[in-house]
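Have a look at the structure below, then the notes.
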Amino acid sequence: MAADIKQLEKKYVGKEVEFRLLRFAPDKDRAPYFQSFRIKLSQGMTVLDALMRIKETQDPTLSYRKSCRMGICGSCAMQVNGFPKLTCQTQVTELNTDKPIEVRPLANFPILRDLVPDLRNFLKAHESIKPYVIREDAEELDHPTGEFYQSPKELEKYLQFAYCIKCGACLAACPTNATDHEFLGPQALAAAYRYVADSRDQGLEQRLEAVDGPNGIFRCHYAGACSEACPKGVDPSLGIQLLKREILKYRVGAAHKKPAPLAVTPKGLKRREGIPLPPEKTVGQ
Ligand code: FES
């Protein structure tokens, strides 16, 4: 392994590579254009590192987003050689460095400047699906008197969808979004399923208006590109299909799952029916 890394370093460190970056300043450019920069690769360099090097040493006006630099915040998603990727997680050595490496802002988003996409509609779509647990007993939510217990099996139903970091890569890959910019998009739809599948939630009916409109869930043709693009291993296309099933069940009148009501234990604690409370004392106490 150490020998492999040494070989890679020998091959790449110090190599001069061309980056073709999309540039666009709406206050002075009539249309986007490409500009090339050449930089020498250093050890472990990511595409984001390369952009930072270009900004530091060649053009301080280059604009892009970044924050955590460790694949958590989702800010740095861009099209790298045509594919949506987190640039902080994309090693330059993964790419063909004999050709220019092309970096554009995420596809299917308007451009604010250079490599910065306008995420406002994307975030509005996310907000529209009410991304929080909805309960009929609102009083309990506002003034909680106990906890809602959830079994590992119940958690498993939505857990992967909770890993979404809202980077926008799924939307950039989606062929429906490419032709219908009003389409709600895979991120918002998978997020809607994340809550609908949550055993504590009772909000399917309240989410229908956003999810089941003319630009909503049934515009998804199940291309699956969103799931291939997700850098966190979320499978939005699966979530969308499962949400379609929940909506159809609701439409034909099958009772939508409702969390069991809270029950008061002899100790005054509350729990949902069927889910045991944790032991009062842990072993060794
Ligand atoms: Fe946060 Fe890349 S900078 S995910």
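The values are calculated or read from the model by the stated rules, or taken from the named source; none is laboratory data. Since the structure is predicted, the reported quantities are computational estimates derived from the model, not experimental observations. Positions of Cβ are backbone-derived with ideal geometry, glycine not excepted, and every protein chain shown enters the neighbour counts. Just the protein is used for accessible areas: all its heavy atoms, side chains included, with ligands, DNA and RNA removed. Shrake-Rupley method; radii C 1.70, N 1.55, O 1.52, S 1.80 Å.
State the dimensionless ratio Rg/Rh of the range 30-84 (Rg: radius of gyration of Cα atoms; Rh: Kirkwood radius).
Ratio of gyration radius to Kirkwood radius for the range 30-84: 0.96.
With N denoting the number of residues in the range 1-152, provide Rg(C-alpha) divided by 2.2 N^0.38 Å, to two decimal places.
1.42
What is the range 32-138's relative contact order, in percent, from Cα pairs under 8 angstrom and six or more apart in sequence? Intermediate results must be reported in sequence, preceding the final value.
Numbers: 115 pairs, mean separation 23.8, N = 107.
Normalised by residue count, the contact order of the range 32-138 is 22 percent.
For residue 181 and residue 151, FRET efficiency with R0 = 51 Å and r from the beta-carbon atoms, rounded to 0.05? Could the numbers behind the result be given before it?
Values: r = 40 Å, r/R0 = 0.79.
Taking R0 as 51 Å, the efficiency between residue 151 and residue 181 is 0.80.
Quick one: check the C-alpha center-to-center distance for the range 146-187 versus the range 76-94, whole angstrom.
21 Å
With a 1.4 Å probe and every protein chain left in place, tell me how much accessible area residue 142 has, in Å² to the nearest 10.
110 Å²
Round to the nearest 10 and give me the degree value, 0 to 90, for the angle of helix 2-12's Cα axis relative to the longest principal axis of the chain.
50 degrees
R0 = 22 Å: FRET efficiency of residue 9 with residue 56, Cβ-based, nearest 0.05?
Taking R0 as 22 Å, the efficiency between residue 9 and residue 56 is 0.50.
Compute the orientation-averaged projected area for the chain from the convex hull of its Cα atoms and round it to one decimal in nm².
If I average the Cα hull's projected area over directions, I get 21.4 nm².
Go ahead and run the numbers for FRET between residue 221 and residue 248, Cβ-Cβ distance against an R0 of 25 Å, rounding to 0.05. Walk me through the numbers before you get to the answer.
Working: r = 17 Å, r/R0 = 0.67.
The formula returns an efficiency of 0.90 here.
If every alpha-carbon in the range 140-183 counts as one equal scatterer, what log10 I(q)/I(0) does Debye give at q = 0.16 1/Å?
-0.70
Above 22 angstrom, tally the Cα pairs of the range 72-188 and express them as a % of all pairs, no decimals.
Values: 3341 of 6786 pairs.
When all Cα pairs of the range 72-188 are counted, 49 percent exceed 22 Å.
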